[in-house]
């Protein structure tokens, strides 16, 4: 997938008749994928290219940094997922304070018309844009008619009684309800990172762990989770502790992500891995010593293996 950035990169010559998915797309959940799939179909029908436009940083980071959410994905992770979803190209707008003052008409003129020369633009039903979020879909359609592009929207996607949204998914993850978040995402919530050396206490207990240094902002609350580790394209069942290791931590407030991978005897230091959260198992708590902690970890492993057997992992 070709990636360009505004304002420094020109639109590629090969981007003929761009059909554009426009939004933040944090998490690339079921609702986002509906837009992406429609854009891919329309691009094929009209012989154009399927392009996604997104923003970096997230506009809230610039406009209201005190209210900015912890994101579900890094920009690199989002672009990778969009490429896997079938997009031909991605246009990343470097969002600035100056840009936040643009009215809707200026954004459409500068970015959609002058830069990308779009043929169609697809957005979610509640898409807002421009200074003070003054632009809505009706205005986008009016501006599209003026500038010669088609504007369309996708109705919200619902799961059971809920509208699927990044905000709802963030809340579920923040509450430890990772299995419910997965239902809205269409896959387990994942973080990525590099395995780094730890203090080897897990190894001393008979349960060696991989400590993950991750750029992802949003972690589920402290506790023990059934997880899977993706390494070299292979899925490995595991359990993961997110927390401060109160049995040994000495009052530290630094949150550590450490994963015990079942039946894997390999040195993972320096390896890039992806960790997916399947289900929360229990809260993190302090034990009265290594023996009690070891007994609990053995129980956690049994419960996780039973879960994975039911899921046919």
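Each value in this text was obtained by applying a stated rule to the coordinates, not by laboratory testing. This structure is a prediction, so every number in the text was calculated from the model and none was measured. So basically every Cβ, Gly included, is an ideal-geometry build from the backbone, and we count neighbours across all protein chains shown.
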*Could you list 29, 147, 5 in order of exposure, starting from the residue whose Cβ has the fewest other Cβ atoms within 10 Å?*
5, 147, 29
_I'd like the projected area of segment 188-311, averaged over all directions, using the convex hull of its alpha carbons. Report it in nm² with one decimal._
7.2 nm²
_Dimensionless Rg/Rh of segment 61-163 - Kirkwood Rh, Rg from C-alpha atoms_ = 0.97
*By DSSP, what percent of the beta bridges with both residues in the chain are antiparallel, rounded to the nearest 5?*
60 percent
*C-alpha center-to-center spacing [segment 156-180, segment 76-114] in angstrom*: 25 Å
_Peptide ranges 6-15, 221-230 listed from the most packed, as the mean C-beta count within 10 angstrom indicates_ = 221-230, 6-15
*So what's the angle, to the nearest 10 degrees on a 0 to 90 scale, between helix 75-84 and the longest Cα principal axis of the chain?*
80 degrees
*Using only Cα positions of the chain, each an equal point scatterer, no hydration layer, compute I(q)/I(0) via Debye at q = 0.14 Å⁻¹ and quote the log10 values to two decimals.*
-1.05
